[in-house]
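Worksheet for the structure shown next.
The values are calculated or read from the model by the stated rules, or taken from the named source; none is laboratory data. What you are looking at is a predicted structure, and each value in this text was computed from that prediction instead of being measured. Reconstructed Cβ throughout: ideal geometry from the backbone, glycine too, with neighbour counts over all protein chains shown.
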Amino acid sequence: MWEEILKAIPVFLFTMLKFIFGPTLGYAAGLHIITTILTTVFGMMASVIAFTFFGEWLREKILHRFFSNKKKFTSNSRKFVTIWRKYGIVGVAFLTPLLLTPIGGTLLAVSFGTPKEKIIFYMFVSAAVWSVIFSFAIYLFGNNVLPEFMRP
């Protein structure tokens with residue numbers, strides 16, 4: 001049991017940064033598929049909760065100092081506004097594991113003033129669904145598609 005927990009800690013930490021690291025590193029570490037799914041969901045949600053409650057503070061206190069003279073309307077910011085207007089929090093939560101990082105998706109939702117409960121709920125549903133899909137896909141096809149060094 002301790003060995004499984006020690007293997008899951010790096011998977012958890014990397015999943016906080018990029019969602020796809022959870023299923024791939026869980027498979028590479030030889031974790032059980034259920035452990036990989038749970039670790040991936042908890043890793044993303046740890047990041048989502050942290051940035052949901054501290055995202056505004058980070059943006060105002062930290063990022064403002066480094067990026068205060070930055071142009072506000074860039075092509076990237078327009079893309080985010082377009083995504084937000086078209087799909088709202090549901091679309092951002094759906095796209096977070098695929099295209100955005102857990103941090104990026106959460107900061108996007110926070111910056112548009114979405115209630116914290118909605119952010120956490122929709123991100124959890126998205127993390128749970130995509131974790132199951134990615135984990136099963138990687139565990140089923142991992143030997144065929146992953147590089148040699150990532151195979152258990």
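If you take the residues in region 86-99 that are without any contact (Cβ under 8 Å) to a residue 40 or more places away in the chain and buried (at least 21 other Cβ atoms within 10 Å of the Cβ), which one is farthest from residue 121 (Cα to Cα)?
92
Considering only region 5-44, state which residues are in a loop (DSSP other than H, G, I, E, B) and not hydrophobic (A, V, I, L, M, F, W, C).
18, 30, 32
Out of the residues in region 90-134 that are over 20 Å from residue 39 (Cβ atoms) and of a type in the set (Ser, Thr, Tyr), state the one that is modelled with the highest pLDDT.
Among those residues, the one meeting the criterion is 122.
Taking only pairs six or more apart or across chains, which ones have beta-carbon atoms under 8 Å, a first residue in region 45-60 that is surrounded by fewer than 15 Cβ atoms within 10 Å (Cβ to Cβ), and a second residue that is in a helix (DSSP H, G or I)?
53/116; 56/110
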